[in-house]
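Structure first, commentary second.
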Amino acid sequence: MSTNHEAQRRLIHGHFAGGLDPDDEARLRSHLPICAECRREYERHQMAERLDPGAPAPYERLAAALGLSVGQRHPRRKRLAWALASFAVAGAVASFVMVRAHGEDGISSRGAGIETAAALDLAVFRVDRQGESTRVKDVVAPDDELAFAYRNEVGKSFLMIFAVDSQNRVMWYHPAWTNSADNPQAVAITKQVGFKELPEAVRHPVQGSLLTLYALFLDSPLDVRAVESRMGDGAFAARSESGEVLRSFDLKVRP
């Protein structure tokens, strides 16, 4: 076994013992998606943990990795980070694909597809009025804040996240567009392995019963006006010849 594998195994052992610091936890999560051998080792620990009543609970391991105490009541920002960290660990081990084909869990993937879909994804989290964050499957409330984490293992450089509600109103999440005189551009994103959190949760007053969410991955930045000029009847299509990759899906809006 290589020295790197030996080091990663020590991180795996430390993770399940509940003793990793946040930097080591991040290194482990970055390594797992690209190493089948270490994923198998991680999964063996998971199975052993289920059989050991004295093993630390998964939320305790995550709390230690985030520098939080178990049972502590966290402000909204830390609760959001907890949810995203939990998702990142699950995604690293299981190669979870957030945007699924139509008919599975009610999520509709309507955008242009790519062969490496598992390596280019968007995770959506809803933050309710109490500040609790949960991963979105197919339902949001009109007054939810939405937060996002992306996975960019095909090396795109920029990302735009926007939505269209039942009234064909366009709402921008990233980049934020709060002044009509401005024309913000796509946000720069990292090419590191694993899910990465975008820093802010955003609330828009959604109208109607359906919200179509778009995540546009780009090699070079577009501005918000250029995107809106290409929308027809509330729909948007990516230009694959320009390296654009679109992930889009429908969310039901319920009070």
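The figures follow:
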read-out	value
Number of positions in segment 231-251 that are closer than 22 Å to residue 167 by Cβ and loosely packed, with under 13 Cβ neighbours inside 10 Å	2
Which numbered condition residue 171 misses (of (1) over 15 Å from the mean Cα position of the chain (by Cα); (2) at pLDDT 90 or above; (3) closer than 28 Å to residue 32 by Cβ; (4) not charged (D, E, K, R))	(3)
Any hit, segment 219-229, residues being at pLDDT below 95, surrounded by 13 or more Cβ atoms within 10 Å (Cβ to Cβ) and in a strand (DSSP E or B)	no
Selection count where residues are in contact with a helix residue (DSSP H, G or I) (Cβ under 6 Å, 6 or more places away or on another chain) and either modelled with pLDDT under 80 or aromatic (Phe, Trp, Tyr) (or both), scope segment 133-150	1
First in segment 140-163 and in the same structural domain as residue 228 (by TED's automatic domain parsing) and under 22 Å from residue 33 (Cβ atoms), second anywhere and among the β-branched types (Val, Ile, Thr) and assigned to a loop (DSSP other than H, G, I, E, B), Cβ under 6 Å, 6 or more apart	152/189; 153/193; 154/116; 159/189
Any hit, segment 160-183, residues being surrounded by fewer than 13 Cβ atoms within 10 Å (Cβ to Cβ) and outside any loop (DSSP other than H, G, I, E, B)	no
Test: residue in segment 203-212 that is in a loop (DSSP other than H, G, I, E, B), in the same structural domain as residue 135 (by TED's automatic domain parsing) and among the charged types (D, E, K, R)	no
Tabulated pairs, segment 225-245, first assigned by TED's automatic domain parsing to the domain that holds residue 178, second at pLDDT 90 or above and of a type in the set (Lys, Arg), C-beta under 8 angstrom, 6+ apart or interchain	236/230; 237/230; 243/156; 245/156
From the options 166, 108, 157, residue that is modelled with pLDDT under 85 and of a type in the set (Ser, Thr, Tyr)	108
Residue satisfying condition, being in a loop (DSSP other than H, G, I, E, B) and surrounded by 13 or more Cβ atoms within 10 Å (Cβ to Cβ), within set 191, 137, 196	137
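The values are calculated or read from the model by the stated rules, or taken from the named source; none is laboratory data. All figures in this text were calculated on a predicted structure; none of them were measured in a lab. Virtual Cβ from ideal backbone geometry, glycine too; neighbours counted across all protein chains shown.
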